[in-house]
1. How many percent of Cα pairs in the chain exceed 42 Å?
2. In whole angstrom, note down how far apart the Cα centers of the stretch 49-113 and the stretch 317-358 are.
3. Under a Cβ-Cβ cut-off of 13 Å, what is the net charge of the residues other than Leu267 that fall near it, where Lys and Arg count +1 and Asp and Glu count -1?
4. Within the P(r) computed for the stretch 60-103, what percentage of the Cα pairs occupies the region above 14 Å?
5. Could you sort 71-80, 58-67 so that the peptide with the highest average Cβ count within 10 Å comes first and the rest follow in order?
6. If I fit a long axis through the Cα atoms of helix 394-406 and take the longest principal axis of the Cα atoms of the chain, what angle between them do I get, 0 to 90°, rounded to 10?
7. Farthest toward the dipole's positive end in the chain, which of Thr373, Ile174, Thr115, given Cβ charges of +1 (Lys, Arg) and -1 (Asp, Glu) about the Cα centre?
8. With each run of n ≥ 4 DSSP H residues scored as -39500 (n - 2.57), what mean residue ellipticity at 222 nm is computed for the chain after dividing by its residue count and rounding to the nearest 500 deg cm²/dmol?
Amino acid sequence: MKRKSMVCVILALTLALGLFGYAKDKSRGEQDYDRVVEAGKFFFTHYLDGKPTADPVKDWLITMFEKDETLADQFINTMYQTWDPYAYYLNNETYSEAFDLSPSRVGVGITLEETAAGTVTITSVTVGSPAETAGLRAGDIIRAVNGKSVAGYNPQMVGDLLRAEIGKTTSIRILRSGREQTVSVTHAVIPVSTVSARRHGGQVCYIRVSTFNGTDTFMDFTNAYETLTSEGHSTVIVDLRDNPGGSLSSVTNILNYIIPEKGVPYLRQRLASPAETKTRTSDGLGWVDNKLLILTNENTASSAEIFAGVLQDLGYAEVVGTKTYGKGYAQQHLPIDQDHTAVISYAELLLPVRGSYDGEGIIPDHPVNLYITTYKVPQLHALDLNSGVYATGKNVRAVEERLSELGYFYFTPDDTADFRTWHAISQFQLAQELPQTDGYCDAKTVAAIDAAMKTLMETPVAYDTQFQKALMLARAYAARGNPATPISREKITFGGK
């Protein structure tokens, strides 16, 4: 009898420990869910009428939703993302904030250039901008802003004076065809191109795409690409770092413009509704000399990954940087009612060789991490914190040096304070919300400049070793050639899908 009792105790202890271990592996929420399920089964077993017809889950949810109106949205989002990690259910306000990928800034819509020493001229006016509405034109010379003369100012200083909040009106005095006139311009939101380009010499050029924003990105990219390559550039660096993606049609149109061969299958879409597979092929519009160099990082996602992955797979590009995000599905945005929009994956995107890249990302040909270090400050003159800055003195150069490092002073520091010094001090005071001083710098501002400089010195700085690697490769390819050699069509299997 004792032996039998001992066996029972051991079995009970083993069972208890097993259950304890099982529960230990589960979260508190999972344990509570299991408890609810077991409680329901227990009730069904012992209840007089077997299974009740009421829906306690529905009743409980209604009660909770009535207590907190945000819980319904949270529940639907949890439901959507359980099935689809890229799905969302959003109200109109949240949707507008989350999916407004169009970069913009508050301004008047003009581009400035120093056409002669101390003379700033409008070189372009954005179509539809407040500047165009006010009648400003390319070629107008800016004389004053809000009554303040800009004689001797450079474009950055004039740009500083033109900064204002949306809706504020700025007075700009211009010189046109020998006559001066004053124009009032109201600041508004100005769209900014998602594409920027610059030349690096030695037949190397650089194009950055911040997001694929529909037709605008396609037009801006093709214009920059065509202009740079027509100038004799043989190697192009395309920067897609921190590009979250955007319009699928935008990136496919650009790819079609780049790929030089006709009839190349470059992207396959496995669609949900209707259930079909669609393959995109090239029209043979592109021009490629040396291989493109594409910069990526962990925030390169979706359509940006398609750009890098397609050209890498086909042999037209090499990727430099770090592995991309790994989002291989396209979403459609569907209004559910007048207040809510659903974002749901409708297509799997497959690259020409590797097929799916979802959850894996694009692996660089040249893996390079950014180099993070503290800010390297040049030797600075000593700063007297008990004294301000006036016409001359030791503090002038010390203050100008620090304002130069902080991005407010655009010239070579010296020992004489002039309008350039006071402009930089004024901009710093505005940014720090300090009282404005005109024609001098008080000790309080000097102390604030010193504090800002110390903060800068402690701030980690990323040195762009990724771009430096791409530039080194680009210059080598431009000098000795590294022609883009497309893969054979037989290798294009889309990962067997």
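Values quoted throughout were computed directly from the atomic coordinates according to the rules given, and no laboratory measurement underlies them. It should be emphasised that the depicted structure is a prediction, and the values quoted were computed from it without experimental measurement. Positions of Cβ are generated from backbone atoms using ideal geometry, with glycine treated the same way; all protein chains shown enter the neighbour counts.
1. Every Cα pair in the chain considered, those over 42 Å come to 43 percent.
2. Each part's Cα centre sits 19 Å from the other's.
3. On the way: positive: Arg268, Arg270, Lys278, Arg280, Arg354, Lys497; negative: Glu305, Asp313, Glu348.
The answer is +3.
4. Numbers: 549 of 946 pairs.
Result: 58 percent of Cα pairs exceed 14 Å.
5. Working: 71-80: 14.0, 58-67: 10.9.
Final packing ranking: 71-80, 58-67.
6. The angle comes out near 40 degrees.
7. Sorting the options by dipole projection puts first Thr373.
8. Calculated at 222 nm, the ellipticity per residue is -12000 deg cm²/dmol.
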